[in-house]
Amino acid sequence: MPSRNTLDKIEKKHKRWTEEDMERAFIEVKSGRYTVRKAAIQFGVPKSSLGDRVSGRVAPGRRSGPPRLLSPADEERLVECARYLSEHGFPLNKQQLVSLASAIYKRRNRRVAVSKLGQTWWSNFKRRQENNISIQPAERGVGGRAACGRKEAADRFHRVMSAVMNSHQVEEKPHHIFSCSEAIFQLGRKKLILPKSVQLGSKLMSALNDHISVLSCFSAAGLDLPPFIVYAKSCPQGASYKTQGPPEALYGSSDSGFVNTELFKKWFLRHFLLYAPSDRPLVLIFDGNKWPVHLEVLEVAWREKVVLLCLPPHCAHVLQPLDAGFSPLLKQHFLTLTGDGCGVSKNEFSRVLKASYEAVKDDQGVRVVVDGFRKCGIYPLSAFTSHESDRMSAHSLSPVAGSVLSTSELDCQSVRDLDATQPSA
């Protein structure tokens, strides 16, 4: 990879002439009125590049040097994807764009295992497309939710959502509006032994590295899709965890135990499209700030008329409908079945989740989900408001909460208005 100094020199040496200048110089040389040297000076183009075109080594209209890693058509496709993401609330940063570009490159070069798109390509791409797309810098974690969870971000999201729903005419179709959310479940707790100098006994703490993620998806009308269960490292051995789990559930694994780009692609292509209503268009709302969206997901979503909408960074705790009721109740019921301080194994998790999932859904699941969409202003579509009585505390959404909260406590807790949000400890 070239050094930063080399890249800076490349930036300073980039061409300051246009293809029109080169074409006029080429015509003058071919007509015999100018020599290559005189035409290069007159029109401000490189003599060597003009000579290559005159001699036929480079075809008119083509660039000198090695061929581009992405063809003009592929780069135009990349810009089209970038504009779609930007218009639907997704972060348009280097990670997302390089991920899409690598997918396009590998599609054209199937024998290449690793993409060759490095820093030099990225710098040249930014220079070529600086007037077409606005690339956002990588978001910093300073301030956490309080820095980004402000009313301006929520209002901006609702403006985008309102425009999307109006253009696709789904404002009065709750069965066409879906939201998916990832909930984290700790498998167990371990005993922390304090040093003798401060020892007052032992303390139970969550085993943060031993967890399972569950991706739930509901429509604004309360229709649920079977959950997607993601194990850390690998799925349990045998098939019992599938047979005793929620009906038609999808299973997967990742090194981190969280949903990533490939797992979301698997869920969207093999699960969401299978169980979602056949009537189109559909709107799918999710937090797309954690990982890049796969190119195939975008292309299939276009073809299947599924509109993807991304929640603002760090605002899922106040704008995600499932986090406004269903997910906390599911966790609370799960903790009630496992017992405070106790845990379950990987093999037992799907069985306990099935009992918790069905109990919450049968008891008050539809009402809670529909209420969550209303509180977040997604359906019925309304400007975002945050009131003490309408939203639950962000602390109650924590996957490592030490105590089991009752249903009444969950309903009573709330977050303060977004304008007054303070950084969490």
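The values are calculated or read from the model by the stated rules, or taken from the named source; none is laboratory data. Because the structure is a prediction, the values reported are computed rather than measured. All Cβ positions, even for glycine, are placed from backbone atoms using ideal geometry, and neighbour counts span all protein chains on display. Quick note on the areas: whole protein, heavy atoms, side chains included, nothing else; ligands and nucleic acids left out. Shrake-Rupley method; radii C 1.70, N 1.55, O 1.52, S 1.80 Å.
Against the conditions (1) modelled with pLDDT under 90; (2) farther than 30 Å from Leu353 by Cα; (3) not polar (S, T, N, Q), Met161 satisfies every one except (1). Residue count for region 47-78 under the criterion of being assigned to a loop (DSSP other than H, G, I, E, B) and either modelled with pLDDT of 90 or more or more than 19 Å from Arg128 (Cα to Cα) (or both): the result is 5. For beta carbons closer than 9 Å, sequence separation of 6+ or different chains, a first residue in region 370-381 that is surrounded by fewer than 18 Cβ atoms within 10 Å (Cβ to Cβ) and a second that is of a type outside the set (A, V, I, L, M, F, W, C) and outside any loop (DSSP other than H, G, I, E, B), the qualifying pairs are Pro380/Pro174; Pro380/Arg374; Leu381/His158; Leu381/Ser162; Leu381/Asn166. Regarding region 19-30, can at least one residue be identified that is surrounded by fewer than 12 Cβ atoms within 10 Å (Cβ to Cβ) and either farther than 30 Å from Lys305 by Cβ or at pLDDT below 90 (or both)? Scanning region 19-30 turns up at least one residue that is surrounded by fewer than 12 Cβ atoms within 10 Å (Cβ to Cβ) and either farther than 30 Å from Lys305 by Cβ or at pLDDT below 90 (or both). Only residues that are farther than 16 Å from Tyr241 by Cβ and either at pLDDT 90 or above or open to solvent by 40 Å² or more (accessible area, probe 1.4 Å) (or both) were counted across region 336-349, and they come to 4.
Of all the criteria given as (1) over 30 Å from Lys94 (Cβ atoms); (2) surrounded by 22 or more Cβ atoms within 10 Å (Cβ to Cβ), the one not satisfied by Arg280 is (2).
Annotation note: of Lys203, Lys242, the sole residue that is more than 30 Å from Pro174 (Cβ to Cβ), modelled with pLDDT of 90 or more and surrounded by fewer than 17 Cβ atoms within 10 Å (Cβ to Cβ) is Lys242. The single condition from (1) open to solvent by less than 40 Å² (accessible area, probe 1.4 Å); (2) touching a Cys at 6+ places or on another chain (Cβ under 6 Å) that Gly257 fails is (2).
Screening region 67-93 for residues that are over 19 Å from the mean Cα position of the chain (by Cα) and among the acidic types (Asp, Glu) and picking the one that is surrounded by the most Cβ atoms within 10 Å (Cβ to Cβ) gives Glu75.
Here's the yes/no breakdown for (1) part of a strand (DSSP E or B); (2) in contact with a Leu (Cβ under 9 Å, 6 or more places away or on another chain); (3) hydrophobic (A, V, I, L, M, F, W, C); (4) surrounded by fewer than 23 Cβ atoms within 10 Å (Cβ to Cβ):
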site	(1), (2), (3), (4)
Val300	no, yes, yes, yes
Phe334	no, yes, yes, no
Arg351	no, no, no, yes
Tyr357	no, yes, no, no
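Answer yes or no as to whether Leu192 is in a strand (DSSP E or B), farther than 13 Å from Lys346 by Cβ and modelled with pLDDT of 95 or more. Against the criterion (in a strand (DSSP E or B), farther than 13 Å from Lys346 by Cβ and modelled with pLDDT of 95 or more), Leu192 does not qualify.
Any residue at all in region 245-266 that's at pLDDT 95 or above, within 22 Å of Val170 (Cα to Cα) and of a type in the set (Phe, Trp, Tyr)? Within region 245-266, not a single residue is at pLDDT 95 or above, within 22 Å of Val170 (Cα to Cα) and of a type in the set (Phe, Trp, Tyr). For region 242-291, the set of residues classified as of a type in the set (A, V, I, L, M), part of a helix (DSSP H, G or I) and touching an Asp or Glu at 6+ places or on another chain (Cβ under 8 Å) consists of Leu269, Leu273, listed by residue number.
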